[in-house]
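Notes for the one structure printed next.
The values are calculated or read from the model by the stated rules, or taken from the named source; none is laboratory data. A quick note: this is a predicted structure, and the numbers were derived from the prediction, not measured. Here the Cβ is made from the backbone with ideal geometry for all residues, glycine too, and neighbour counts use every protein chain on show. These area figures cover heavy atoms from the full protein model, side chains too; ligands, DNA and RNA do not enter into them. Shrake-Rupley method; radii C 1.70, N 1.55, O 1.52, S 1.80 Å.
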Amino acid sequence: MSVSFIRVDDRMIHGQTCTRWALEYPCDGLIAVNDVAAKNPVLKSAYKSASGKKTFVWGVEEFIAKSEKVLNSKDQYFLITKNPLDMEKILVEHGFKPGIDTVIIGPCNDRPGTTKLGNNQSITQEEAQALENIMNEGYQVEFALLKDEAIGNWTKFRGQFGFH
């Protein structure tokens, strides 16, 4: 298996967090998927130096184009997107099957139009729909800034967004 961990984190790559999660899930490198970061050399460089691990910063379409190569890699990667919408594109729209069935939702900043679920975990209705679609694709969606700071599964929160 080449993807050992799947995460949505609006910071994408945060060194301490990656180090903590890597204790739970083996990881040789990181694949951060975000169209804006992939096109911005300064952001791309900052993300690549944040973790001390081999890091790729790709746009969504670039990831899709390279997804078979990722699956066939001998190395194990964390797959990280900045938001639930990009993760939905990868897992649902493009049908990427990483061989693991849990998606961890990390920090999602409080923003206008969001519903606060926990500390630094707020999502919009559109993001809620993306999480619902990911769950309906067969994934467990867990909210956890860190492993020991989990606040619950999507099934606990989905009613707040009109899903039953």
The pairs in 54/74; 66/147; 54/89 lying past 20 Å Cα-Cα in this model are 66/147; 54/89
Carbon plus sulfur, as percent of the 1.4 Å-probe accessible area of the chain, comes to 51 percent
Between residue 73 and residue 114, the two model label points (7 Å from Cα along the beta-carbon direction) sit apart by a distance in nm of 2.8 nm
Excluding residues fewer than 8 positions from residue 82 in its own chain, the lysines with Cα under 16 Å of it are 39, 44, 48
1/(1 + (r/R0)^6) with r = Cβ-Cβ of residue 93 and residue 20, R0 = 30 Å, i.e. FRET efficiency to nearest 0.05, evaluates to 0.50
Phi angles of segment 54-62, converted by Karplus (6.51 cos²θ - 1.76 cosθ + 1.60, θ = phi - 60°) into ³J(HN,Hα) in whole Hz with x for Gly and Pro, give 4, 9, 10, 10, 10, x, 4, 5, 5
For the chain, dividing by residue count, accessible area per residue (probe 1.4 Å) in Å² works out to 47 Å²
